[in-house]
1. What does the charge dipole of the chain about its Cα centre add up to, to the nearest 20 debye, if the Cβ of each Lys and Arg holds +1 and the Cβ of each Asp and Glu holds -1?
2. Once you place label points 7 Å from the Cα toward the Cβ at residue 152 and residue 192, how far apart are they in nm?
3. Please calculate the 1.4 Å probe accessible area of residue 168, with all protein chains present, and give it to the nearest 10 Å².
4. Scan segment 299-379 for GluC sites (Glu not before Pro) in coil per DSSP, keeping those whose Cβ has at most 15 other Cβ atoms within 10 Å, and list them by number.
5. Mind checking which of 366, 382, 48 is farthest towards the positive end of the chain's charge dipole, using Cβ charges of +1 (Lys, Arg) and -1 (Asp, Glu) about the Cα centre?
6. How big is the gap, in Å, between the Cα center of segment 16-62 and the Cα center of segment 173-233?
7. Once fully extended, how much extra length lies between residue 379 and residue 161, figured as 0.36 nm per residue of separation less the alpha-carbon to alpha-carbon distance?
8. Residue 391: net charge of surrounding residues, Cβ under 11 Å, Lys/Arg +1, Asp/Glu -1, itself excluded?
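The values are calculated or read from the model by the stated rules, or taken from the named source; none is laboratory data. Just so it is clear, the model here is predicted, and its values are computed rather than measured. All Cβ positions, even for glycine, are placed from backbone atoms using ideal geometry, and neighbour counts span all protein chains on display. In case anyone asks, the SASA skips ligands and DNA or RNA and just uses the protein heavy atoms, side chains included. Shrake-Rupley method; radii C 1.70, N 1.55, O 1.52, S 1.80 Å.
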Amino acid sequence: MQTDEILIEKTIKLFESNTGWGDSTEWTNQDFVILSEKIQERTGVALSHVTLKRVWGKVKYDSLPNTHTLDTLVQFLGYENWRDFKSQNGNGKAPKDNVAEIIANGHHPIVKAPPVKKKIALKSIAVVAAVAALIILIFSINKTAPKIINSDYSFSSKKVVSEGVPNSVIFSYNAIKSPYDSVVIQQSWDKTLAVKVSKDQHQHTSIYYYPDYYKAKLIVGGKIVSMHRLLIKSNGWVPIVALKPVPVYFSKAEATVNGKFGLSVSQIESKNIKMQPSPPYVLYSNVQDMGEIYSDDFVFETSVRNDYREGAAACQNSTIYILCEGTAVGIPLCSKGCISNADLLFTNFFASGKDTDLSVFGVDFSSYIKVRVESKNGKGTIYLNDKLVYTVSHDVVRSKIIGFDFSFQGTGSIDYVKLTNGKVKYEDDF
């Protein structure tokens, strides 16, 4: 039996072929918006375009989609539910209706051909029949697709340093039985961080620039044949200006001032980083072994402020992440007029400001905002300045907590951080 992750990849391939839109790595945001609309029209269930982008690996999210999402996706393809799809092993065919036509009609204009005379029509039929016979003949003599057996491959990794970023990781693999000349090593959820390597080689080295929990994959012929977990620890708090292709790092000492943790605008500009017209995002990250504390039983508290509101940073978009193995709890904060940009994540629960009222997360950053998050008995509660503002009552799953990320558009600062479950206790007041 194939894993859910492999079957999700098959589901994505089905959508690519059935929509006729081609390689989904090239799909735009608007494509996902249109697909969201078509899914709702056909199934009666709303899946936001952001949810679809998570499934397609366009948005950072290492956890598997919840059953509700998977059921809806395969129901659109004509299956009864995800279990039915799994039992049929994702055979690459939509068993009901012409899904390609349903989607394509909403994506591309339909141009009807003018009527033709009977003789022309008969000739056309003859030509089509001849072409069809030729195609059948070609396929009948072609060899079947090569069989790929997971156990034929091995895949492991070793970090060059135990903690800290950037960190090089040496991947060791054996893909000599691949029917193709090259295979793919993918560093994480992000499909852009994938590289083709020769099947005849046995090692490849990649650089990880951010602390986090990753799932590295070995892919042969589009199929995931091996995958393993990889934890890149930060070695304490690390301030990062998230630039591409390489971020800019600061030391903890540089960011610790008067009992607060944060980078000033002058510090950022001293590294020749421009704050306008596109303000960078500053990330304060701390990834480590937090002990036996999990996403379904914890109390987290912090106090934060976004310290930059110039020009294009008027929204002051900020997110507090409680990082877990394969997922996260993400609490958005922003200026009151920008809540449409907000995305709330609580392990397997997701809500987008585009289709959900998240106005409670619009705040006034003229002073520090106290944030408290509690998770207990399958329910998550979020407090801002000691006021209950949001309750998550479903899709809260259990996953080991591994650290924190604080993301600020422009820059921001942290007053303190606390995490506990009664047994494990983490505290930092800088």
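1. Working: 49 positive and 43 negative charges, 307 e Å.
Dipole size: approximately 1480 debye.
2. So the two model labels end up 3.3 nm from each other.
3. Here the accessible area works out near 40 Å².
4. Numbers: sites: 301, 310, 325, 374; in loops: 310, 325.
Within segment 299-379, the qualifying GluC sites (Glu not before Pro) (loop, at most 15 other Cβ atoms within 10 Å) are 310.
5. Result: 48, furthest along the dipole toward the positive end.
6. 25
7. 74.7 nm
8. Details: positive: 379; negative: 374.
Neighbour charge sum, excluding residue 391 itself: 0.
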